[in-house]
1. Here are some conditions: (1) in contact (Cβ under 8 Å) with a residue 60 or more places away in the chain; (2) assigned to a strand (DSSP E or B); (3) within 15 Å of the chain's Cα centre (by Cα). Residue 154 meets all but one. Which one does it not meet?
2. Collect the residues in segment 68-114 that are within 19 Å of residue 175 (Cα to Cα), assigned to a loop (DSSP other than H, G, I, E, B) and touching a residue at least 40 places away in the same chain (Cβ under 8 Å), keeping them in residue-number order.
3. Identify, please: which residue in segment 386-420 is out of contact with any Ser or Thr (no Cβ under 9 Å at 6 or more places or on another chain) and open to solvent by less than 40 Å² (accessible area, probe 1.4 Å) and is, among those, farthest from residue 34 (Cα to Cα)?
4. With segment 304-410 as the region, which strands (runs of 3 or more DSSP E) entirely inside it contain at least 1 residues that are among the charged types (D, E, K, R) and more than 16 Å from the ligand (Cβ to nearest atom)?
5. Answer with yes or no whether residue 264 is open to solvent by 20 Å² or more (accessible area, probe 1.4 Å), within 16 Å of the ligand (Cβ to nearest atom) and closer than 29 Å to residue 51 by Cβ.
6. Looking at 281, 206, can you tell me which residue is touching a His at 6+ places or on another chain (Cβ under 9 Å), closer than 29 Å to residue 67 by Cβ and surrounded by 14 or more Cβ atoms within 10 Å (Cβ to Cβ)?
7. Please enumerate the residues belonging to segment 367-420 that are more than 28 Å from residue 13 (Cβ to Cβ) and basic (Lys, Arg).
8. Within segment 207-263, count every residue that is part of a helix (DSSP H, G or I) and not β-branched (Val, Ile, Thr).
Amino acid sequence: MSFPIPTLRREHGRLVLEDSPLDDIAERFGTPTYVYSAEAMTASYRAYHEALSAIDATVCFAVKANSNLAVLSLFARLGAGFDIVSGGELSRVLAAGGSADRVVFSGVGKRRDEIAYALEAGIRCFNIESTTELETISELASGLGRSAPIAFRVNPDVDPRTHPYISTGLRGNKFGVPISDAFELYRRAHAMPALVVSGVACHIGSQLLDPAPVAEAADRVLALVDRLAGAGIVLDHVDLGGGLGIRYRNERPPAIGDYLAPLIARMGGRRESLFLEPGRSLVGNAGLLLTRVELLKQGEEKNFAVVDAAINDLARPALYDAYHDIEPVHADAAESRRYDVVGPVCESGDFLGRDRDLAVRSGDLLAVLSAGAYGMTMSSNYNSRPRAAEVLVRGRQCILARQRESVDDLMRGEHPLPAD
Ligand code: LLP
């Protein structure tokens, strides 16, 4: 079966991303290193753009999936907007050359200083998730003499049929306002002079493999939009969130165009423009984590390949029992054995893959695939491990997008006790 990363291939047994051999990248930048393909990111963005060409639409890349400045600037140049969930993410978007007027701000706990920052920057829309937030934004906008464009993120109570940790649109989830309360909330917001009621938002979950629940959520949201219009509250956009899944192993996610078709059919001929907030489907299969085998170890029941990447670099296997394909960078005739691929961190949950048949020796390089989304952004410094480097590949060119952290970086801002 082909690799889930479309720009990855084997050439004379050696893994090559675009035109850059992974062993050269490891040589030059060390390991562990996240490696991203600009071409794969561009292709997935273009697939959205082309599928949406018949309607008025904005693709807002979900920054939480991959917030590296090189990645954000690539999307900014392609014309993307951005979905942010913090002031930190807004700073990144602006530093990468993104424009504030294409930014939507989601999140259930926006702080006052973050709201003020976004108001000053002039973002496109606040996706409000509670009554308290409605009041806070109104108060801060009046205080600053600004008008705040807002949408309510409604919770449509639709089951997205994905992992429970990444389902967000069910009644029991913390996200959004209940769709049944939305009409009254819009009436309140409409009467607040510092607010401009602009749209409606919803996001039901992530790694969705079936377009039907999103279409069902869209129907509920559009019924609300029509009811509001009947009451004289006219919205200019409908934001249907992100969520499209990718292939990690043998999942069969719909193609971007097929996933969007039911949404485009619903939006065609309407006055509102469509916003989307994809993260994983733009970057997940444009990235991998390059790691080196430190040693092979035989346990009583299992063989372990101990590598130099760990749970702090890629948390998804431990957190969601997520599967990432693991490929030797050099395919050779070494004997294949079954291994748990584990890191050096002091946790039994520190694994990147379990029960993998691999032909490896100590010192070999491995590529952990499909790691472009929620990889580096969820990494930590647990066990005082400096975070990985990030490299963006463009053909033969390898751009150091983030330098590997040093231990000094880790201790910055810390102080031992002063002398007695
Ligand atoms: N919009 C909102 C409001 C979101 O909460 C999310 C993701 C997205 C857009 C982007 O969703 P995507 O297109 O990437 O599915 N850490 C987890 C995924 C958490 C997703 C959180 N929200 C993972 O590694 O699978």
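1. (3)
2. 106, 108
3. Our first condition is that a residue be out of contact with any Ser or Thr (no Cβ under 9 Å at 6 or more places or on another chain); within segment 386-420, this holds for 399-403, 405-406, 408-409, 412-420.
Now restrict to residues that are open to solvent by less than 40 Å² (accessible area, probe 1.4 Å): 401, 405.
Values: 401: 10, 405: 13 Å.
Within segment 386-420, the match that is farthest from residue 34 (Cα to Cα) is 405.
4. On the way: elements: 326-328, 337-342, 351-358, 365-368, 389-394, 397-402.
Once the strands (runs of 3 or more DSSP E) in segment 304-410 are filtered for at least 1 residues that are among the charged types (D, E, K, R) and more than 16 Å from the ligand (Cβ to nearest atom), what remains is 326-328, 337-342, 351-358, 389-394, 397-402.
5. no
6. 206
7. Scanning segment 367-420 gives 385, 387, 402, 412.
8. Kept after step one, since they are part of a helix (DSSP H, G or I), are these residues of segment 207-263: 212-230, 256-263.
Filter again for not β-branched (Val, Ile, Thr), leaving 212-213, 215-220, 222-224, 226-230, 257-263.
The qualifying residues number 23.
The values are calculated or read from the model by the stated rules, or taken from the named source; none is laboratory data. It should be emphasised that the depicted structure is a prediction, and the values quoted were computed from it without experimental measurement. Glycine also receives a Cβ, built like all others from the backbone with ideal geometry; neighbour counts cover every protein chain displayed. Ligands, DNA and RNA are stripped out before the accessible areas are found, and what is left, the full protein with its side chains, is counted by its heavy atoms. Shrake-Rupley method; radii C 1.70, N 1.55, O 1.52, S 1.80 Å.
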